[in-house]
Amino acid sequence: MGLWTILEGFLLLANALAILNEDRFLAPRGWSFSEFSVGRTKSFKGQLIGLIYATQYMRVPLILLNAICIFVKLVSG
C-alpha cells in the first residue's frame, strides 16, 4: 500500500462525509449542527459533526480533487 492509495482512501472518506444530508440522515439521529451548543463542541461527537460540516462546505475542492484523481487513474492505468 503506497501513499497514493492512502490519499485515495482519504478522498473517498471525504466524499462519504460530504454527501450526508442533514435533514434526512443527520438530524433524525441527533447529529444536527444546530442542536449543539458552544460548550459541547469539544466532545468527540461535536468534533465529528464539525468535520462533517467542514467537508460539506468544501464540496468544490472535493470535485476538483476527484477530477484530478480520475485523470491520474486514466493516464497511469
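Every residue, every condition in (1) open to solvent by 70 Å² or more (accessible area, probe 1.4 Å); (2) among the hydrophobic types (A, V, I, L, M, F, W, C); (3) out of contact with any Pro (no Cβ under 8 Å at 6 or more places or on another chain), yes or no:
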| position | (1), (2), (3) |
| --- | --- |
| 2 | no, no, yes |
| 22 | no, no, yes |
| 26 | no, yes, yes |
| 31 | yes, yes, yes |
| 49 | no, yes, yes |
| 58 | yes, yes, yes |
| 61 | no, no, yes |
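Take residue 38 and decide whether it is loosely packed, with under 11 Cβ neighbours inside 10 Å and modelled with pLDDT of 80 or more. Walk me through it before giving the result.
Working: loosely packed, with under 11 Cβ neighbours inside 10 Å: yes; modelled with pLDDT of 80 or more: no.
No: the conditions fail for residue 38.
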- Task: Among the numbered conditions (1) assigned to a helix (DSSP H, G or I); (2) free of Cβ contacts under 8 Å to residues at least 60 places away in the same chain, tell me where residue 20 comes up short.
- Result: (1)
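The values are calculated or read from the model by the stated rules, or taken from the named source; none is laboratory data. Treat the numbers as computed from the prediction; the structure is a model and nothing was measured. Heads up, the Cβs are rebuilt from the backbone with ideal geometry, glycines too, and the neighbour counts pull from every protein chain shown. Calculation scope for accessible area: heavy atoms of the full protein, side chains included, ligands and nucleic acids excluded. Shrake-Rupley method; radii C 1.70, N 1.55, O 1.52, S 1.80 Å.
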